[in-house]
Amino acid sequence: MSEDQGPGVRRYWELVRQGVEPDLPALVRAHPEEAAQLAGADVARSRSETAATRRLLWEARQHVLAQALGSGDTVGETLKRQRFALGLAPEQVAQRARDAGQDLLGKTIENLESGRIPLSNVPPPTWKLLADLLHVDRWHLWALIKSQLSSPRTGLAFTRMERGTKRLDRGAFVEGVSARGAPADVDDYLENLRRVLESD
Amino acid sequence: MPRRFQRPPEVEAEWQRLGSPDDEEFWERLAHSRVETVVAARRKYRDRGRSIIDRIDGILVAKIDPLVRAATRNVAKDEAPLYREDIEAMIGEAFWREVLTAEDTFYEIRCQRKLRNVALDARRSVIDAKARTLERQAARIEPAAVEDVAPAVTVAEEAIADPVDDFAEVEAEIDWYVALVSMPDEVAQAIDLHYRADLKVHSNNPNEPTVSKILGCSERKARDLIRIGEELARRQIEGLPEGEGP
């Protein structure tokens, strides 16, 4: 939230954080000079919530595919399949990434596809670029990465437990994660990746 | 026993002209089809390879995202954002489980109605869990302090009652908030000001804020932006292809 927001927009976000649906007409009546900014905040919130829903839907899909059908995909397989579908060689993908400002080699692409590079060693902006270059939905890629970085007992259940325990008892959450063996930095990495993928 | 339903004529017509995933036109048609048609395609082509199902699922996610949000907002508009996320996650899981593994065809007939029923179930589960958690917390607290927690449990239990169940009315209205996502910035802002903030497009009263004044444009331009937004929203809600709008 920027500091130059007026009182109307500040109130809008305050209500959203509290889980209360802002009464937009009342806010606009109370702060007519901020009407355009209030509409902008409302549109921004709608878009941000869309990103969150799509993320949840791709996570749910990955969970059902992996847990119920036993046919979950991997990040490497997906990237390779998309690269083939677009008729690109690893070096061509790397060249496009370099053109976009990311220092990647064709060999790096191959290593990513074959799973020889730990996923959490890849900077989040690189995932975002690869998703866009290879036409993989960002949240599809997110769900694959999250699924692979979490243990088989985690996935969607992990997401639910994380949210539930964070709400109630942060200590219990940390304890729960270490009990399942998921390193705490995976959580940070995923949070960082989520922010990067959500940005334009 | 799986329930079998007959597709509505408009869905059946879409399905008949869809064609094969080997043709690029199939994808163009599918992207502009109703969500029910996309679900049917997902089931029919489930064994056609990962590239095809990933591509269909990408279209499906884009189609059901606004429906899931609308269903969640309908059943849990007064809940905290985290609970709404829980409900959305549960709807998502129930949706995929049924579409990918079950035979029930109702998602191919009236997807939005089905999602809303699933949303009601998910809401009950989430609110039940919330009430149980509060009860456990209350039980752990020393007897002297239980009195302070008890009202919260009561509130949670009261909240279990079903919310709005007038689906017909809800389905008839266009959810402008959800539709804003697919609109260009200027159009989204005009729609937001008109339908969400309840402002008139234009007014002769110089002191009344209106869409045209706030956007700094003519009345005609403001009306054009709103008309474009309405058309985009209807296409999104009804799944109408280009050129078939009102």
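Read-outs throughout are calculated quantities, based only on the coordinates presented, and are distinct from any laboratory measurement. What you are looking at is a predicted structure, and each value in this text was computed from that prediction instead of being measured. Every residue, glycine among them, receives a Cβ derived from its backbone with ideal geometry; neighbour counts consider all protein chains shown.
Cβ-to-Cβ counts within 10 Å put B:Ser20, B:Ser125 in ascending order as B:Ser20, B:Ser125, the fewest first. Remark: mean inter-chain Cβ contacts per residue of B:55-66 equal 4, using a 10 Å Cβ-Cβ cutoff to other protein chain atoms. For the range A:1-110, the share of alpha carbon pairs falling in successive 5 Å distance bins from zero is 2, 10, 12, 12, 8, 9, 10, 9, 11, 10, 5, 1 percent. If only the Cβ of Lys and Arg carry +1 and only the Cβ of Asp and Glu carry -1, the dipole of the range A:7-67 around its Cα centre is close to 240 debye. Measuring between alpha carbons in the structure, the pairs from B:Lys77/B:Lys213; B:Lys114/B:Lys200; A:Lys80/B:Lys63; A:Lys128/B:Lys221; B:Lys77/B:Lys200; B:Lys44/B:Lys77 lying more than 29 angstrom apart are B:Lys77/B:Lys213; B:Lys114/B:Lys200; A:Lys128/B:Lys221; B:Lys44/B:Lys77. Placing a label point 7 Å from the Cα of A:Ser48 along the Cα-to-Cβ direction, the residues of the range B:73-107 whose backbone N falls under 15 Å of that point are B:81-82, B:85. Within the shell of other residues whose beta carbon sits under 12 angstrom from the beta carbon of A:Gln102, the net charge comes to 0, with Lys and Arg scored +1 and Asp and Glu -1.
Exposure proxy for B:Ile91, B:Ile214: other Cβ atoms within 10 Å of each Cβ, ordered fewest to most, give B:Ile214, B:Ile91. Couplings for the range B:27-43, taken from phi via the Karplus curve 6.51 cos²θ - 1.76 cosθ + 1.60 with θ = phi - 60°, read 5, 5, 5, 5, 4, 9, 8, 5, 4, 4, 5, 5, 4, 4, 5, 4, 6 Hz in order; Gly and Pro are left as x. A cut-off of 5 Å between modelled amide H atoms, ignoring neighbours fewer than 5 places along the same chain, links B:Leu199 with B:His194. Inter-chain Cβ neighbour count for B:182-191, averaged per residue, equals 3 (cutoff 10 Å, partner chain atoms only).
Residues of the range A:17-48 falling in the label zone of B:Cys217, defined by backbone nitrogen less than 20 Å from a point 7 Å along Cα to beta-carbon, are A:33-47.
With the simple spin-label model, which puts each label point 7 Å out from Cα in the Cβ direction, the A:Leu86 to A:Asp99 separation comes to 1.0 nm. Along the charge dipole of the range A:7-67, which of A:Ser46, A:Gln62, A:Val9 sits closest to the positive end, that is, farthest toward it, with unit charges on the beta carbon of Lys, Arg, Asp and Glu (+1, +1, -1, -1)? Result: A:Gln62. Exposure proxy ranking for A:Thr74, A:Thr53, based on other Cβ atoms within 10 angstrom of each Cβ and starting from the fewest, stands as A:Thr74, A:Thr53. Note on the range A:28-71: Kirkwood hydrodynamic radius from all Cα pairs is 12.8 Å, rounded to one decimal.
As a rough guide to protection, the peptides A:38-45, B:32-39, B:225-232 ranked by mean Cβ packing within 10 Å, highest first, stand as B:32-39, A:38-45, B:225-232. A Förster distance of 41 Å, applied to the separation of the beta-carbon atoms of B:Asp224 and B:Lys77, puts the FRET efficiency at 0.85.
Annotation: amide H of A:Asp23 has no partner in the under-5 Å range at sequence separation 5 or more or interchain, hydrogens built in the peptide plane. Counting every C-alpha pair in the range B:174-238, the share spaced more than 16 angstrom apart comes to 38%.
For the pair B:Ser20 and B:Arg136, the difference between a 0.36 nm per residue extended length and the Cα-Cα distance amounts to 36.3 nm.
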